[in-house]
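Take a look at the structure set out below.
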């Protein structure tokens, strides 16, 4: 059956009885969500509620007694300087894990797909993509050891290069200087994060109709013009996916901070999840740790909701645009 | 009776069209071959970037084959003075590598399959079925998975112990499966929301039920996206550290990342052994990625039918 | 119908959760008659696989006991002991950390068994020196504070202390004598600085900086000060001499270039690697590096107790062995702990400079049972040096000089001390600011304990 036949048929039926048709087309899907929903409720929702419940207590964990203290933990948070430091550091984490990798990832994937792939063949571009992705495969524990060697103030690779090739006399103390440490952590995060958007965007570009590019090329559109006029709009859903997941990952970031700085020096690289971890497992202030985790969860919920609203709006606009056209 | 023939034809038609286009593209590319110096500049830039990104891994390889004394005397940045495989042997023996490898492998594969399957179901209901309140459901899924692990570890630990799953690998399969599922649901349903209506309509006219439509029409088109997800989930579960640390307490249940961590005693770190261990533990995940990444570009996804 | 399913699921899972939370009330665990013992251990400082060898000998001596081993890791125990040691399938005996923030904390949560009866029964109270017994005793009802009046919640089998390692070759090459007094030490460091050599291998991210700071404070303190600081016997005066002296001296050493000002972000592994590579002549650190310095250092090394700390010195026991309350084989567990304090095992520790408490005077490598011999023969060449090393520690024990670690009062102290001292290392804070930061964390920890 050809496309015209289908759409003609489609139109006829729609004219006949649109409402019944829509209903029939959309019914019977509900049961597919049941297994996932049960899993989510048991593994995530109930523990989440239990966590909030714990955050209303003073509890040292284990078999010790829980003492209900209402919102005291949250009130304490407001006056806790470290809590605020940790959340403002999250902004740096978002830059390092979402903003920069997104921008680099967009350009890289477009170059790999639209240029390298075309000029040097798909094998070259997928090989390069694999190279960019490797840091994502590395367990963070191992990556942390490697980056400690690179950033070491005395014997690290970066400082050796700075001293050897550029003759810098007073090489920076990357992980020991409170003004620098956060940038050092960011460097590792960017490194580990780049491959992720590249892979997602390239798979997205795979479903863009090559004719679009060919037509644009025939019209004399340069690479940049093709990038902004075709690539960006076509892979919008994936851009939203990357923005959302990376932002959330940035808010949750734990491993690299644990491996590189343990929140130091002088709390300059403290992040919320590490701060909550200290309270959970270091200080055994389970209730307070739970309160930090809850605030973090709420913040993440808000950020995620905002991004998803934007995404829905943009998708709705697109559908309207398609209808008007 | 069998899969709707019209749908099959439609898909096949699209596929051949795309293949033909690819072929034309390749031919034109072959014919063109301009002596443009820019193309080499860009290639070199891309390769350079790849080298920079890989450089920390060279460090790992460099230190995996050094003796501990060599490492101490000459630091992490020097070449090994002799090729030493003791680190590798130590790691293999000390961690009983084959068992850890098998644990990691089956946990990751089963968990990734579980997540992909559940994601596909969810996305089918949400992205195509547009179940009422679907935006809210996706949002709820996403938000819950974003909770920091510390936040639910205590309740989860008590729950699983209460049902006698204290040291069971299935806890990891289930927990990782559900957490990854949310991501998959989000990604697949946002792609499926652009799924071409005409295909679904055609399937319906042919009398295909929801189940058959899912496997006969939707799944073949979403295959590439599912493959991407499977790779991500496999690697994420392979590297999962936090939940495995808490739930897998004995040697015969533990995974490779835990085995590496167990070499890091308090104030004790045999660097060459750890590096060698990291290196061989990286190999399976890397091979896996290489094998499956070929499917990533075969992009017959929803949008291609537009 | 759908609604009812939803309600059912919610009710089911909620009740499962409540049941599991309710299950964690403290109650005596019934003891089993089975001869079975599950031992959880990891590679720890003081001779990586010594525990493995000890367990092998125990197996041989007790063929009727079925022994299960759980090989875990330090990070795993550090993070999850609170969870894993209270599970139903928890091990019967486990190697764990020491101090208020770890063993004390678990004791206060009711996770660990009170071993006081066994301590009397087996005579551990006689075997272990008084100051060492303190590390084993915690007041479970008082936030788990370590105290001589507490109950036994763990058993130490060897010691640890902080000392100075010297690279003899570097001292000789520069014509500098190994210092024997505190003044000599400062002079020696100055001489190295004058020759353009940074004298001290150091790090500010793990324990070296806080241990040095504590050593300096202890050199101006007395035993009551230690009891006040560690066990909250009286209020601690942060404007008193020990604290002001420690911060001032520490900062002075940074400014004079004795301590490298770019070491704030380094970790212990960096420090030991650089010292062993022969880049620095001096390292202030713990007894746990003895093997590493001797094995990896391509130079003649020597060691001293830190001059000025003869009467109070940073140090304690090694890791403690604990018995979870859920264990069904507590008698067997206690028997195994007693085995670890027996002469055989203690002599093995002695041959590896492991600072034992109960080694015989005439111990020797050859007299060890086969199971306890180090298969790699790592320490065979170092027997004399190891004996000297044990003797230095013995001397401190005789002086009753063991003064624990600075981060032990409460769990937040470790990070707070490092953070404050990093400020001194990178010159971002004054000694007064650093002391204030430490004080704030100390008082916060105290109030968290409900004192």
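Below is a table of values for the structure above.
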{"read-out": "Estimated translational D of the protein assembly as shown in µm²/s (Stokes, Kirkwood radius over Cα pairs; 25 °C; 0.890 mPa s)", "value": "78 µm²/s"}
{"read-out": "Viscosity 0.890 mPa s, 25 °C: Kirkwood-radius Stokes-Einstein D of the range B:86-305 over Cα pairs, µm²/s", "value": "128 µm²/s"}
{"read-out": "Global geometry of the range A:82-324, whether rounded, prolate or oblate, following the gyration tensor of its Cα atoms and the 1.5 cut on a/c", "value": "oblate"}
{"read-out": "Over chain A, relative contact order from alpha-carbon pairs under 8 Å, at least 6 apart, %", "value": "26 percent"}
{"read-out": "For B:152, A:310, order by how many other beta-carbon atoms lie within 10 Å, fewest first", "value": "A:310, B:152"}
{"read-out": "Cα gyration tensor shape for chain C, rounded if a/c is under 1.5, else prolate or oblate", "value": "oblate"}
{"read-out": "Proxy reagent accessibility, fewest Cβ within 10 Å first, across C:330, C:35, C:59, C:377", "value": "C:377, C:35, C:59, C:330"}
{"read-out": "Tilt relative to chain C, helix C:74-84 - C-alpha long axis, 0 to 90 degrees, to 10", "value": "30 degrees"}
{"read-out": "Residues A:317, B:212 arranged by fewest to most Cβ contacts within 10 Å", "value": "A:317, B:212"}
{"read-out": "Between 0 and 90°, nearest 10: helix C:2-22 axis offset from chain C longest Cα axis", "value": "60 degrees"}
{"read-out": "Gain on full stretching of the segment that runs from residue B:58 to residue B:132 - 0.36 nm per residue minus C-alpha separation", "value": "21.5 nm"}
{"read-out": "Chain A: angle of helix A:195-205 to the longest principal axis, Cα-based, in degrees nearest 10", "value": "10 degrees"}
{"read-out": "The range C:128-152-the range A:157-211 distance, computed between alpha-carbon centres (Å)", "value": "49 Å"}
{"read-out": "Gyration tensor verdict on the range C:217-306 (Cα atoms; rounded if a/c is under 1.5, prolate if a/b is larger than b/c, oblate otherwise)", "value": "prolate"}
{"read-out": "Computed [θ] at 222 nm, helices only, for the protein assembly as shown once each DSSP H run of length n ≥ 4 contributes -39500 (n - 2.57)", "value": "-19000 deg cm²/dmol"}
{"read-out": "Length-normalised contact order for the range B:86-305 - Cα pairs under 8 Å, 6+ apart - percent", "value": "37 percent"}
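No value in this document is a laboratory result; all are computed from the given coordinates. Note that the structure is predicted; figures quoted are calculated from it, not measured. A quick note on method: Cβ atoms are made from the backbone with ideal geometry, for glycine too, and the neighbour counts reach across all protein chains shown.
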